[in-house]
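Input: a single structure, listed below in structure tokens.
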Amino acid sequence: MRRDSRRGLFHQVSARDYWVWGGSALAALFALWWTVTALQLVSPYFLPSPAAVLGAFTELWGDGTLQGDLAISLQRIAIGFSIATLFALPVGILMGTVWRFEAAVEPIVDFIRYMPAVSFVPLTIVWLGVGEGQKYSILFIGTFFQQALMVMDNVKRTPREYVQVGQTLGMKTLPLLGRIVLPYSAPAIWDTIRITLGWGWTWLVIAELVAAESGLGHRIIVAQRYFHTDRIFMIIILIGVIGLVIDQAMRAIDRAWFGWSRGGAR
Amino acid sequence: MNAVAEFANVSKTFATKKGEVQALAPVSFQLHADEFTTLLGTSGCGKSTLLHIAAGLETASSGEVLVDGVRVDGPGRDRGMVFQSYSLFPWLTAAENVEFALKGLGLSRAERREIAHEQLRLVGLEKFADAKPAELSGGMRQRVGIARVLSYRPKILLMDEPFGALDAQTRIEMQELLTEVWESHRLCVLFVTHDIEEAIYLSDRILVMSARPGRIKDDVRIEIPRPRGPEVLTSPALMEYKESLTASVRAEALA
Ligand SMILES: Nc1ncnc2c1ncn2[C@@H]1O[C@H](COP(=O)(O)OP(=O)(O)O)[C@@H](O)[C@H]1O
Ligand SMILES: [Mg+2]
């Protein structure tokens, strides 16, 4: 009998492994869902059938509701997340490189990071009302502080020798940051953006659940009000799919731009 | 001979959590134009510290370094440095790494490219101009490092165990290459190593350092004629120098 050459722990998972094993697991999960609902083991109020969920999709897509919600949610996350990122990048880079800045800002950022972003929802409504600004602010609070700390950590990993090379070439602080620290940290920072964007969806949906007249989160609340569990399922799955697509796209960009960072050598 | 650089009572004491560590006792010596000088000493004796002070990457606790009579105050392009590792930017190609050193000199993109390719040719890497560091072997990467630093013609070339991470065979190839390049360029080099044969093969002059806190305990002139080929590595002349230098270094290791 041939022995499996990939026994033991920590073997690299190939793309094929993902398709075969991941695909099978997903199919099994789906089959279980389908079976349970087809045999009517659970009330559809708790667990709608796959067909019902698909029906909810065609229905809401057909009358344009879903497109509208999707558009406004995507717009909110695009704007709110971008603002957070735009601020977190310079703050994180400065925290990671300039000791005075780190000493002054890091404790505050670290402190606020531990305050649950959700708990700011009532406060932001008091401050900003229930308009778009309030959605952006929740995305900002949930994202900015995490990002700033992660970016700080990303740039801190720049090997000192790279900076010293720049210094011996007579480069001053800004060029050192822009031409050495930033390019070196770019792949890690991109990863930070990718990961925090995933979390961003949570903040968005929370903001929309609490106080919104549109958006995917709002649609979930409406569905709940009318016991449309199938719609709730559909929207949750939809958000998952969108997240997955964006994540994969960002990974593809990472491979295209930052291939050098996986060479292992310098 | 005229002094390009003068080290005057340069010392260094690091403040650590466990108290003060004196890495370098006050050392004084001069570097001469067109001369290849090597600091030889066991690890931890303060060689890198001295080199970093000369580069302006580290400040001396006392004393000063003068280059052409001017006191060193921070890094500058008159002193080029070759590091042991982590010195090529992995996101740039070999040629771009060399061009990086040429920015801000008022050269056009095309001129920079031309100089970069010329320098890579001198170290035998013209075919690898567009390769990323990850695609190059350790020896090739260090050649790019040398091409980069030579491209902007510093007055003094500082090299901190540049071949320390290479295997024995590649190391010898690199020593040959450096000798060849140096014999055609002739600039003031301060080289650091703990490898005695390497020091003899490359140098006009060897400064033997004592154990920490480092000071210069021997100043040996290497009179092996140039050009020097790899046969020097097995020559009786080298063996002779090696014997006395080994004794000198060993006395330190036991001290
Ligand atoms: N930044 C530092 N802080 C504290 N001690 C240091 C520092 N850098 C070097 N040293 C100490 O100074 C001594 C000399 O170091 P170094 O110049 O790197 O030696 P070498 O290059 O000859 O091996 C060593 O004992 C080392 O531990
Ligand atoms: Mg050293």
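The values are calculated or read from the model by the stated rules, or taken from the named source; none is laboratory data. Everything numeric in this text was worked out from a predicted model, so none of it was measured. With ideal geometry, Cβ positions are generated from the backbone for all residues, glycine too; neighbour counts draw on all protein chains shown. Note: accessible area is taken over every heavy atom of the protein model, side chains too, but ligands, DNA and RNA are not part of it. Shrake-Rupley method; radii C 1.70, N 1.55, O 1.52, S 1.80 Å.
Seen against the Cα atoms of chain A and their longest principal axis, helix A:50-62 is set at about 80 degrees.
Our coupling estimate for the stretch A:217-224, obtained by passing each phi through the Karplus curve with A = 6.51, B = -1.76, C = 1.60 and θ = phi - 60°, is x, 4, 5, 5, 4, 4, 4, 5 Hz, Gly and Pro reported as x. Given q = 0.16 Å⁻¹, what are the Debye log10 I(q)/I(0) values for the stretch A:60-258, with equal point scatterers placed on the Cα positions and solvent ignored? Log10 I(q)/I(0), no solvent term: -1.03. The H on the amide N of B:L39, modeled in the peptide plane, is under 5 Å from the matching H of B:F191, B:V192, B:T193, B:L207, each at least 5 residues off or on a different chain. Computed over the stretch A:222-266, the P(r) curve from all C-alpha pair distances, binned at 10 Å from the origin, holds 24, 26, 19, 16, 11, 4 percent per bin. So how tilted is helix A:182-210 from the main axis of chain A? Cα-based, degrees 0 to 90, rounded to 10. Approximately 30 degrees, to the nearest ten. Helix A:229-257 axis versus longest C-alpha principal axis of chain A: approximately 30°, rounded to the nearest ten. A simple packing score, the average count of other Cβ atoms within 10 Å per residue, orders the peptides A:94-105, B:110-121, A:77-88 as A:77-88, B:110-121, A:94-105, with the highest score first. In this structure, B:R221 and A:W257 have a Cβ-Cβ separation that, at R0 = 45 Å, corresponds to a calculated FRET efficiency of about 0.25. Step through the residues of the stretch A:136-150 one at a time and calculate ³J(HN,Hα) from phi using the Karplus curve (6.51 cos²θ - 1.76 cosθ + 1.60, θ = phi - 60°), rounding each to whole Hz and writing x for Gly and Pro. Those phi angles translate into 4, 5, 5, 4, 5, 4, x, 9, 3, 5, 5, 4, 4, 5, 5 Hz.
Here the 3J(HN,Hα) profile of the stretch A:11-25, calculated from phi with Karplus coefficients 6.51, -1.76 and 1.60 at θ = phi - 60°, is 7, 5, 8, 7, 4, 5, 4, 4, 5, 5, 6, x, x, 5, 4 Hz, Gly and Pro shown as x.
Could you give the C-alpha radius of gyration of the protein assembly as shown expressed as a fraction of 2.2 N^0.38 Å, taking N as the number of residues it contains? Kindly include the intermediate steps, with their values, before the conclusion.
Values: Rg = 31.5 Å, N = 521, 2.2 N^0.38 = 23.7 Å.
The reported ratio for this selection is 1.33.
Counting pairs of alpha carbon atoms under 8 Å apart in space and at least six apart in sequence, what relative contact order in percent does the stretch B:142-226 give? Don't jump to the answer; show the numbers that get you there.
Details: 72 pairs, mean separation 20.8, N = 85.
Once normalised by length, the contact order is 24 percent.
Pairs to check: A:K172/B:K127; B:K18/B:K47; B:K12/B:K155; B:K12/B:K217; B:K47/B:K155. Give those whose C-alpha atoms are more than 28 Å from each other in this structure. List each step's numbers first, then the result.
Details: A:K172/B:K127 33 Å; B:K18/B:K47 22 Å; B:K12/B:K155 24 Å; B:K12/B:K217 17 Å; B:K47/B:K155 20 Å.
In this structure, A:K172/B:K127 exceed 28 Å between Cα atoms.
With N counted as the residues of chain B, its alpha-carbon radius of gyration over 2.2 N^0.38 Å works out to 1.01. Within chain B, helices built from complete DSSP H runs that reach 24 Å or longer along their own axis (Cα positions) and carry a mean Kyte-Doolittle hydropathy of 0.0 or higher are B:236-254. A 1.4 Å probe run over the protein chains yields, for the protein assembly as shown, 51 Å² of accessible area per residue, whole-number rounding. If amide hydrogens are placed 1.01 Å from N in the peptide plane, which non-local residues have theirs closer than 5 Å to the one on B:L107? When sequence neighbours closer than 5 places are left aside, there are no close amide H contacts.
Taking amide hydrogens as placed 1.01 Å from N in the peptide plane, the amide H of B:A131 sits under 5 Å from those of B:A94, B:A95, each at least 5 positions away in sequence or on another chain. When only Cα pairs below 8 angstrom with a gap of at least 6 residues are kept, the stretch A:125-266 shows a relative contact order of 24 percent.
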